[in-house]
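Some notes on the structure that comes next.
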Amino acid sequence: MSVSGRLVGLLAFGVVPVVVIGALYGQAFAALGAWVLLVVVLLVIDLVAAGSPRRVALERALPARVRLGETAASVLSITNTGRRMLRAVVRDAWQPSAGPASNRSALVVPAGERRALTIALTPFRRGERRTETVTIRSFGPLHLAARQATLQAPGRIRVLPPFNSRKHLPSRLARLRELDGRTSVMIRGQGTEFDSLREYVRGDDVRSIDWRATARHSDVMVRTWRPERDRRVVIVIDTGRTQAARIDDEPRLDTAFESSLLLAALATRAGDRVDLVAYDRRLRGRVHGASGPELLSRMVDAMAPIEPGLIEMDWTAVPGLVRQVTTQRSLVVLLTAIDAPGISRELLAIVPQLARDHLVVVASVTDPDVLASVQRRSDRDEVYRAAAAERALLDVARVTTVLKRYGADVVTGSPADLPPALADRYLALKAAGRL
């Protein structure tokens with residue numbers, strides 16, 4: 001049971017008659033007792049007339065998935081199976097990170113009828129957002145007191161990465177189409193495969209003439225080539241403690257997810273096969289054998305519940321993970337943090353091993369605030385901050401130099417710039433015939 005403000009107000013209002021009766025007749029205590037008795041009687045009547053909060057049936061209607069930042073509707077249907085009208089305040093106990101627009105709603109449900117309670121959810125964190133219980137506070141007709149019950153009504157909604165970098169996809173797909181069209185008339189070379197036959201036109205390389213096809217046709221036929229398809233792209237995401245750092249109010253891990261989704265969408269449209277591995281010291285997520293629209297759907301599902309672990313990344317296991325995915329020469333993209341040489345020692349140790357069999361690209365987020373701090377030196381504090389920023393940039397430059405010396409490409413950028421920069425590097429590798 002719970003009491004309302006009306007009950008408190010009614011008791012307080014009794015001060016007036018008690019004072020008046022006490023002044024006129026000297027019966028203040030008797031008046032006080034009578035007033036309290038009256039309030040108690042009204043309270044009992046109100047509680048008896050209130051509908052039972054336990055005699056309800058609850059049903060949920062929820063979308064299975066929603067992107068981070070988007071709004072979804074949670075519909076809770078409440079059926080009054082009792083004999084009295086239910087005048088209730090309903091609290092649906094969603095996690096705060098689910099972003100409910102309100103957590104308490106007033107509802108009137110006549111006996112034997114059903115009402116729907118709709119709550120707008122705007123999640124601000126990825127993963128599984130859950131609710132387990134619904135609390136119903138049922139008031140009587142006087143609204144002096146209420147009967148309260150907490151009922152089990154579990155529900156969940158999966159919050160997916162937002163994929164904000166998809167705005168860069170149309171321009172990269174246009175460049176990919178240009179790349180396919182430009183290379184289809186070039187001679188055969190590394191990273192190309194046979195495309196089609198066409199009639200010879202003046203200016204074509206005579207080395208591209210297909211004499212067997214020419215013998216079967218009345219015209220001279222030449223071969224055309226295109227960038228090789230059905231290549232493998234293996235994306236390895238570091239989910240260790242360094243990925244928990246926030247840059248531009250976004251965890252490094254979320255930027256890695258954005259970069260992976262844009263690269264996967266581009267690569268699958270180019271005809272390549274994409275595999276994803278999220279790892280720190282245990283396998284946190286894996287997508288293998290998917291293509292087309294299924295690829296991105298499975299990737300965002302795998303990414304949604306992953307949070308950075310407060311442990312060091314075990315880079316020594318990465319070559320074995322890549323071998324489990326494929327043994328052919330592939331593009332291996334390592335999404336991690338390039339920090340001081342001491343922290344990156346294990347990464348530097350395994351890159352030569354990977355580079356012997358694969359084309360390796362290391363992608364890392366840079367902090368725009370560090371770059372800006374280098375330029376600000378107006379007072380002593382800013383000078384010290386600029387010196388620390390210079391030291392950090394020198395460490396990153398040293399690690400980058402060693403990675404390139406070991407045969408890896410390095411892509412860096414701010415959270416907004418890294419996804420398109422990684423996509424551009426993929427297109428450049430395609431254009432150069434290295435992939």
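Pairs of Cα atoms under 8 Å, at least six residues apart: use those to get the relative contact order of the chain, whole percent.
Working: 858 pairs, mean separation 53.6, N = 435.
Answer for the chain is 12 percent.
Relative to the Cα centre, what is the charge dipole magnitude of the chain, using +1 at the beta carbon of each Lys and Arg, -1 at the beta carbon of each Asp and Glu, and rounding to the nearest 20 debye? Could you put the intermediate results ahead of the total?
On the way: 63 positive and 45 negative charges, 219 e Å.
Dipole of the chain, to the nearest 20 debye: 1060 debye.
Looking only at the stretch 41-172, where both bridge partners belong to it, what percent of the DSSP beta bridges are antiparallel (to the nearest 5)?
On the way: 39 of 42 bridges.
Of those bridges, close to 95 percent are antiparallel.
Using a 1.4 Å probe on the protein heavy atoms only, what accessible surface does Ser260 show? Give it in Å² to the nearest 10.
Taking all protein chains as shown, Ser260 has close to 0 Å².
With angles folded into 0 to 90 degrees, how steeply does helix 15-25 sit against the dominant principal axis of the chain? Use alpha carbons for both and round to 10.
Orientation of helix 15-25: about 10 degrees from the principal axis.
Can you bin the stretch 376-425 into rounded, prolate or oblate? Criterion: square roots of the alpha carbon gyration tensor eigenvalues sorted a ≥ b ≥ c, rounded for a/c under 1.5, prolate for a/b above b/c, oblate for the rest. Could you put the intermediate results ahead of the total?
Details: a/c = 5.79, a/b = 1.72, b/c = 3.36.
Taking the square roots of the gyration eigenvalues as a ≥ b ≥ c, the stretch 376-425 is oblate.
Highest mean first, what order results for 157-170, 51-64, 208-221 on Cβ atoms within 10 Å? Could you put the intermediate results ahead of the total?
Numbers: 157-170: 18.4, 51-64: 16.2, 208-221: 12.7.
Result, highest mean first: 157-170, 51-64, 208-221.
Within the accessible area of the chain, what % is carbon and sulfur when the probe is 1.4 Å and the other protein chains stay in place?
Details: 11840 of 22010 Å².
The C+S portion of the solvent-accessible surface of the chain is 54 percent.
For Val19, Val39, give the ranking by accessible area with the largest first, probe 1.4 Å. Could the numbers behind the result be given before it?
Working: Val19 90, Val39 10 Å².
Descending order: Val19, Val39.
With point charges of +1 on the Cβ of Lys and Arg and -1 on the Cβ of Asp and Glu, referenced to the Cα centre of the chain, which listed residue (Pro415, Ala392, Val15) lies farthest in the positive direction of the dipole?
Going by the Cα projections, it comes out as Val15.
Please find the FRET efficiency linking Ala64 to Leu348, where r is the Cβ-Cβ separation and R0 is fixed at 51 Å, and quote it to the nearest 0.05.
In this case the efficiency is close to 0.75.
Taking 0.36 nm per residue of separation and subtracting the Cα-Cα distance, what length does fully extending Asp301 through Arg177 add? Provide the component values of the computation, followed by the final result.
On the way: separation 124, 0.36 × 124 = 44.64 nm, distance 2.89 nm.
Roughly 41.7 nm would be gained on extension.
Between Ser291 and Ser77, what is the label-point separation in nm under the 7 Å Cα-to-beta-carbon projection?
Going by the 7 Å Cα→Cβ label model, 4.2 nm.
Might you work out the accessible area of Arg125 for me, using a 1.4 Å probe with all protein chains in place, and round it to the nearest 10 Å²?
Probe radius 1.4 Å; accessible area of Arg125 about 120 Å².
Given q = 0.11 Å⁻¹, what are the Debye log10 I(q)/I(0) values for the chain, with equal point scatterers placed on the Cα positions and solvent ignored?
Values, matching the q order: -0.93.
Using only DSSP helix segments of four residues or longer, with each worth -39500 (n - 2.57), what per-residue ellipticity at 222 nm results for the chain after dividing by its residue count and rounding to 500?
Working: 12 runs with 161 residues, N = 435.
Calculated from helices alone, the mean residue ellipticity at 222 nm is -12000 deg cm²/dmol.
Which percent, to the nearest 5, of DSSP beta bridges fully inside the chain are antiparallel?
Bridges in the chain that DSSP calls antiparallel: roughly 70 percent.
Looking at the stretch 208-298, what % of its DSSP beta bridges pair antiparallel, to the nearest 5?
Working: 7 of 14 bridges.
Rounded to the nearest five, the antiparallel share is 50 percent.
The values are calculated or read from the model by the stated rules, or taken from the named source; none is laboratory data. In this text, all values refer to a predicted model and were calculated from it rather than measured experimentally. Glycine gets a Cβ as well: all are built from the backbone with ideal geometry, and neighbour counts include every protein chain shown. Note: accessible area is taken over every heavy atom of the protein model, side chains too, but ligands, DNA and RNA are not part of it. Shrake-Rupley method; radii C 1.70, N 1.55, O 1.52, S 1.80 Å.
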